[in-house]
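Asker: One structure, pasted below without further comment.
The values are calculated or read from the model by the stated rules, or taken from the named source; none is laboratory data. The structure displayed is predicted, hence computed values, not measured ones. Cβ placement follows ideal geometry from the backbone for every residue including glycine, while neighbour counts extend to all protein chains displayed.
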Amino acid sequence: MPESMKNIHDTLNTSKKRMKNLQLSTKILMGEVVFLVVMVGILSALHYPKLLPMNVYLFLHILGAVMFIGNIVVTGVWMFFAERTKDKKIIMFAVRMVNWADVFFTGPGVTLLFLNGLLMAPYCDDCRQGLLTRWVLVGISLFAVSGILWATLLVYQNTLLRSLTANPRKFYKTLHRWYLVGIINTIIPLIILVVMTVKPAF
């Protein structure tokens with residue numbers, strides 16, 4: 001087998017092993033992200049059609065924000081108090097539930113928030129330049145940063161699920177990094193919330 005083919009083969013095998021090591025909840029979340037990317041592509045190709053009344057988009061946008069911000073705040077507090085018990089069963093339960101809470105709240109919240117925001121921007125009275133309106137661009141840019149940090153949190157959560165029993169030292173080190181990134185990724189959506197409601201003139 002040529003060296004280049006062998007490298008491709010090794011890369012594919014490594015990717016398959018990594019996918020097998022991912023938790024089911026993380027795989028579902030990855031599916032939700034793929035769905036979001038596909039929907040953004042479709043809406044972009046259709047030039048963000050106005051299919052529903054603006055109030056419906058606004059309701060779904062706000063619902064998404066509540067689900068997204070509410071879940072990231074609650075899960076952080078939940079993990080903090082679970083760790084304080086020093087009980088491995090409680091901590092592991094909390095880590096699993098944080099992952100599943102992302103599936104049922106963060107992922108759908110992000111989808112509702114982002115898609116309905118995109119659908120509203122070209123038509124809202126305060127968005128004179130549509131998606132190119134400065135406060136909209138700032139919000140979208142911060143949202144992208146938040147998405148990258150969320151991906152980091154998911155990596156940490158998978159490490160947490162694997163390492164509590166096998167390597168407690170690694171578990172707590174990863175957990176404290178998770179807290180740090182989580183705090184940053186709680187502040188950013190709150191800034192986005194201010195930008196999207198105050199709509200500052202940059």
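Asker: Going through the range 165-183 one residue at a time, which ones are assigned to a helix (DSSP H, G or I) and among the aliphatic types (A, V, I, L, M)?
Answerer: Leu175, Leu180, Val181, Ile183
Asker: Shifting gears a bit: Going through the range 109-140 one residue at a time, which ones are within 17 Å of Met67 (Cβ to Cβ) and either among the aromatic types (Phe, Trp, Tyr) or surrounded by fewer than 18 Cβ atoms within 10 Å (Cβ to Cβ) (or both)?
Answerer: Phe114, the sole residue that qualifies.
Asker: Being part of a helix (DSSP H, G or I) and loosely packed, with under 15 Cβ neighbours inside 10 Å is the requirement here; does Lys50 meet it?
Answerer: On the way: part of a helix (DSSP H, G or I): no; loosely packed, with under 15 Cβ neighbours inside 10 Å: yes.
So Lys50 does not fit the description; no.
Asker: Cβ-Cβ under 6 Å, sequence separation 6+ or interchain: first residue in the range 29-51 and under 29 Å from Val155 (Cα atoms), partner assigned to a helix (DSSP H, G or I) and among the charged types (D, E, K, R). Which pairs?
Answerer: Leu29/Asp102
Asker: Give the range 157-182 a look and list any residue that's at pLDDT 90 or above, within 17 Å of the chain's Cα centre (by Cα) and crowded, with 20+ Cβ neighbours inside 10 Å, or say none.
Answerer: Trp178, Gly182
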